[in-house]
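**Q** Submitted below is the structure of interest, expressed as structure tokens.
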Amino acid sequence: MTVTISKDQAIKFYETMCTIRCFEESVKRDFLNGDIPGFVHLYIGEEAIGTGICAALRTTDYIESTHRGHGHCIAKGADINKMMAEVFGKRDGLCKGKGGSMHIADFSVGMLGANGVVGGGYNLATGAALANKTILKNDKVSVVFFGDGASNRGTFHEAANVAAVWKLPVIFVNEMNCWASTTPYRTTTSVEDISDRAIGYGMPRVIVDGQNVFEVYDAACDAVERARRGEGPTFIEAKTYRIEGHFVGDPEKYRKKEETLQIFNDTDPLKLFKDQCPDGIDFTQEELDMILTIARAKVQAAKEFAVSCDYPDESEFYKDVYVD
Amino acid sequence: MRKISFSEATREAMAEEMEKYPEVFVMGEDIARQGGIFGQFKGLPDEFPGRVIDTPISETFIVGGGVGAALAGTRPVVDMHFADFIGVAMDEVFNQMAKVRYMFGGQAKIPLVLRAPDGLAGGGAAQHSQSVESWFIHIPGIQVVAPSNPYDAKMVLKAAIESDDPVLYFENKVLYKEYAEVPEKEDEVPYQIGKARIEREGKDITIVSYSIGMKNARAAADRLLNDGIQAEIIDLITLSPWDKETVISSVKKTHRLCLVSECVKQGGALAEVAATVAEEALEYLDAPILRYGAPFTPIPFAPTLEKLYRVYPDDLVKGIKGVFQGTI
């Protein structure tokens, strides 16, 4: 660790990770019960990445998220009641029920949106970075989250090249979770470490343990500082694993359930947190259990809020197509 | 009144908007050092240092980056070099630019203009000559404009830059070089996106067109006067959302409709006009709707073949006279 962490920060990390975990478990249950329309893609097991990255950002910094984006949204500070209402398609949701899980956004906290198109976020984040650096002349930083699967999109190349050549304040955060939907990365991806690709753009890269929130936060702080200093983009590859199916309800015939459960058991960032705490920061199990209990209660309240909200009125249908 | 070219008119619009709004900037391929292939950006980099940006050949970034820059609070203008290249950035246009406002429940504004030089330019062939506007009128969330003369070119571009919604601005390559009267800035009348203009009044037939198609409309209307046929010409200017009221009220007056554009006739931008008139004003029509556009082929290179791709005033004159056969 190069960055010093206080116990309060560590508490916050654990709280955020617990909130994401409980949120996802709640969404999974309600989706399987048929109470949530559409598709949902869960972030269980990957909580340390969104949490560590967003902890290094200001509210005014931007993130571009993915279809697996609940964790990013929570970590960036979105209101979980409104988030849950959005996932349920309710009018009090962040997007008034028009986006749903795959298209969730909260501009008030710099969360510029999940993207239903894999690899759709790179150019948006990079364009925002260009605007901030060149035209608006502020020190805001943009982050784009993407998986190993998305790293095979051509949009990655265009954005990475521009970000590097113009030294834009954008951070490419690769959640290397080993699966592109049903396809294992080794069958489709030419490199073992996705961040090898950053080398081709002259972009610094760092590989971190995506199950260790402190390690992720440390790398994020470095990258954010570099970006604010005007030194350009950084590629952070966070090694993780997609514990859930591609979507809730995925029969997962392409892999062995026992193997996935074993990986989860060995790498669950919530379980590992206590031992990962830097020297001088200690938690009792009771403290951690209490944080988890509170998170669960908040998520339960969010779910009850979402259920209590109405669906959007039909009068909303034509609104927001255009400003005028 | 002074006469300036279409190209110069767009340059003036850019300069005036960049002067007025510090958050307007423009990016695209070969626009700063070269000034644009058609000279449409000449001089702007000196007037507005750092705000005219030469990009790599990266259309997904040019459009997607423009969307991101708009999300950050700027008013970007992005240039596609040739309209044919929009296909490279189609996801950025129809899944990002057009959707972010609606799917995020109105949290986002996308004041973005995508400029796209289009049309036949003599030998551009299959990938440098197309008119692709009809693809975009099928997409809610974006506006599509295609001016036909220098004055409109200027006023429509200014309106596009000031719009808080994304606009696809199609500018015809042949029209760039055409000169016409453009008032001084203090005498300009702002353009409102979505409004058509009756360019010439007439009582016998309504001719609807836009962009370079207007040259066919005007030439045909001139010649029809010799036969005693007074055509009303409507310049649609905005293709989406298009000015249904102006067209339908004209059809109710003339009882005949002729549509002409340079884009492929099948599924062309004016097919929507034909369908709407058939739906809503069929009983006012005294004759079938006439529709002129390009044949259903890629654009060939050889001059002997390219000429078969074009619509000519003769085609309209012949068709329209046919409609009146025996009645005048």
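The values are calculated or read from the model by the stated rules, or taken from the named source; none is laboratory data. All values derive from a computational prediction rather than experimental measurement. In this analysis, Cβ positions are derived from the backbone assuming ideal geometry, glycine residues included, and neighbour counts consider all displayed protein chains.
**Q** Tell me yes or no: at least one residue of the stretch B:85-104 is over 20 Å from the mean Cα position of the chain (by Cα), assigned by TED's automatic domain parsing to the domain that holds B:Pro166, part of a loop (DSSP other than H, G, I, E, B) and modelled with pLDDT of 95 or more.
**A** yes
**Q** If you go through the stretch A:167-209, how many residues are among the acidic types (Asp, Glu) and loosely packed, with under 14 Cβ neighbours inside 10 Å?
**A** 1
**Q** Name the residues in the stretch A:50-68 that are crowded, with 24+ Cβ neighbours inside 10 Å, hydroxyl-bearing (Ser, Thr, Tyr) and either under 25 Å from A:Pro37 (Cα atoms) or more than 14 Å from every other protein chain (Cβ to nearest Cβ) (or both), would you?
**A** Matches in the stretch A:50-68: A:Thr51, A:Ser65, A:Thr66.
**Q** Let me ask something else about it. Can you tell me which residue in the stretch B:193-236 is farthest from B:Lys318 (Cα to Cα), limited to those that are surrounded by fewer than 20 Cβ atoms within 10 Å (Cβ to Cβ) and in contact with a Lys or Arg (Cβ under 7 Å, 6 or more places away or on another chain)?
**A** Among those residues, the one meeting the criterion is B:Lys203.
**Q** Name the residue, out of A:Pro251, A:Pro269, that is at negative phi, out of contact with any Pro (no Cβ under 8 Å at 6 or more places or on another chain), of a type outside the set (D, E, K, R) and touching a residue at least 40 places away in the same chain (Cβ under 8 Å).
**A** After applying the criteria, what remains is A:Pro269.
**Q** Could you count how many residues in the stretch A:109-127 are free of Cβ contacts under 8 Å to residues at least 12 places away in the same chain and more than 8 Å from chain B (Cβ to nearest Cβ)?
**A** 0
**Q** Name the pairs whose Cβ atoms lie under 8 Å apart, with the first residue in the stretch A:77-104 and without any contact (Cβ under 8 Å) to a residue 60 or more places away in the chain, the second among the polar types (S, T, N, Q) and in a loop (DSSP other than H, G, I, E, B), and 6 or more positions between them or separate chains?
**A** A:Gly77/A:Thr59; A:Leu94/B:Gln107; A:Cys95/B:Gln107; A:His103/A:Asn115; A:Ile104/A:Ser65
**Q** Give B:Ile57, B:Ile139 a once-over and let me know the one that is within 11 Å of chain A (Cβ to nearest Cβ), at pLDDT 95 or above, within 30 Å of B:Ala302 (Cα to Cα) and surrounded by fewer than 20 Cβ atoms within 10 Å (Cβ to Cβ).
**A** B:Ile57
Each row is one residue, and each column tells you yes or no for (1) within 14 Å of chain A (Cβ to nearest Cβ); (2) part of a loop (DSSP other than H, G, I, E, B); (3) within 18 Å of B:Asp118 (Cβ to Cβ).
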| position | (1), (2), (3) |
| --- | --- |
| B:Ile4 | no, no, no |
| B:Ser7 | no, no, yes |
| B:Met14 | no, no, no |
| B:Phe25 | yes, no, no |
| B:Ala32 | yes, yes, no |
| B:Gly36 | no, yes, yes |
| B:Lys42 | no, yes, no |
| B:Gly64 | yes, no, no |
| B:Gly73 | yes, yes, no |
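**Q** Can I ask one more? Is it the case that the stretch A:173-192 has a residue that's small (Gly, Ala, Ser), within 14 Å of another protein chain (Cβ to nearest Cβ) and either assigned to a loop (DSSP other than H, G, I, E, B) or touching a Pro at 6+ places or on another chain (Cβ under 7 Å) (or both)?
**A** For the stretch A:173-192, residues small (Gly, Ala, Ser), within 14 Å of another protein chain (Cβ to nearest Cβ) and either assigned to a loop (DSSP other than H, G, I, E, B) or touching a Pro at 6+ places or on another chain (Cβ under 7 Å) (or both): absent.
**Q** Which of the residues spanning the stretch B:105-121 are facing chain A (nearest Cβ under 8 Å) and either closer than 22 Å to B:Phe41 by Cβ or under 25 Å from the mean Cα position of the chain (by Cα) (or both)?
**A** B:Lys109
**Q** A further question on this structure: Of the numbered conditions (1) touching a helix residue (DSSP H, G or I) at 6+ places or on another chain (Cβ under 6 Å); (2) at the interface with chain B (Cβ under 7 Å from one of its Cβ atoms); (3) in a helix (DSSP H, G or I); (4) over 21 Å from A:Arg197 (Cα atoms), A:Gly71 fails exactly one; give the number of that condition.
**A** (2)
**Q** For the stretch B:248-281, how many residues are in contact (Cβ under 8 Å) with a residue 60 or more places away in the chain and farther than 26 Å from B:Pro117 by Cα?
**A** Residues in the stretch B:248-281 being in contact (Cβ under 8 Å) with a residue 60 or more places away in the chain and farther than 26 Å from B:Pro117 by Cα: 1 in total.
**Q** Please specify each residue of the stretch B:131-156 satisfying the condition of being more than 11 Å from the chain's Cα centre (by Cα) and within 22 Å of B:Phe41 (Cα to Cα).
**A** Hits for the stretch B:131-156 are B:Pro150, B:Tyr151, B:Lys154, B:Met155.
**Q** Looking only at the stretch A:139-168, which residues are part of a helix (DSSP H, G or I) and within 11 Å of chain B (Cβ to nearest Cβ)?
**A** Those that are part of a helix (DSSP H, G or I) and within 11 Å of chain B (Cβ to nearest Cβ): A:Gly154, A:Thr155, A:Phe156, A:His157, A:Glu158, A:Ala159, A:Ala160, A:Asn161, A:Val162, A:Ala163, A:Ala164, A:Val165.
**Q** Let me ask another. Are there any pairs, at least 6 apart or on different chains, whose C-beta atoms fall under 8 Å, with the first in the stretch B:159-182 and under 16 Å from B:Glu133 (Cα atoms) and the second among the basic types (Lys, Arg), and if so, which?
**A** Listed pairs, sorted by first residue: B:Tyr169/B:Arg115; B:Glu171/B:Arg115.
**Q** Starting from the stretch B:113-134, keep only residues that are assigned by TED's automatic domain parsing to the domain that holds B:Val77 and surrounded by fewer than 17 Cβ atoms within 10 Å (Cβ to Cβ), then list their pairs with residues that are among the acidic types (Asp, Glu) and in a helix (DSSP H, G or I) whose Cβ atoms are within a distance under 7 Å, requiring at least 6 positions of separation or different chains.
**A** B:Gln127/B:Asp84
**Q** Considering each of A:Leu136, A:Leu94, A:Leu130 in turn, give the residue that is buried (at least 24 other Cβ atoms within 10 Å of the Cβ), facing chain B (nearest Cβ under 10 Å), more than 13 Å from the chain's Cα centre (by Cα) and farther than 27 Å from A:Ala306 by Cα.
**A** None of the others qualify; the one that does is A:Leu130.
**Q** Limited to the stretch B:258-307, what total is found for residues that are assigned to a helix (DSSP H, G or I), surrounded by 13 or more Cβ atoms within 10 Å (Cβ to Cβ) and among the hydroxyl-bearing types (Ser, Thr, Tyr)?
**A** Residues in the stretch B:258-307 being assigned to a helix (DSSP H, G or I), surrounded by 13 or more Cβ atoms within 10 Å (Cβ to Cβ) and among the hydroxyl-bearing types (Ser, Thr, Tyr): 2 in total.
**Q** Take the residues of the stretch A:97-107 that are more than 8 Å from every other protein chain (Cβ to nearest Cβ) and not in a loop (DSSP other than H, G, I, E, B): which is farthest from B:Gly50 (Cα to Cα)?
**A** A:Ser101
**Q** Going by the conditions given, is B:Phe296 more than 18 Å from the chain's Cα centre (by Cα), touching a residue at least 40 places away in the same chain (Cβ under 8 Å) and not assigned by TED's automatic domain parsing to the domain that holds B:Ala121?
**A** No, not satisfied.
**Q** Residues in the stretch A:105-117: is at least one within 18 Å of A:Ala227 (Cα to Cα) and either charged (D, E, K, R) or surrounded by fewer than 24 Cβ atoms within 10 Å (Cβ to Cβ) (or both)?
**A** Yes, the stretch A:105-117 contains a residue that is within 18 Å of A:Ala227 (Cα to Cα) and either charged (D, E, K, R) or surrounded by fewer than 24 Cβ atoms within 10 Å (Cβ to Cβ) (or both).
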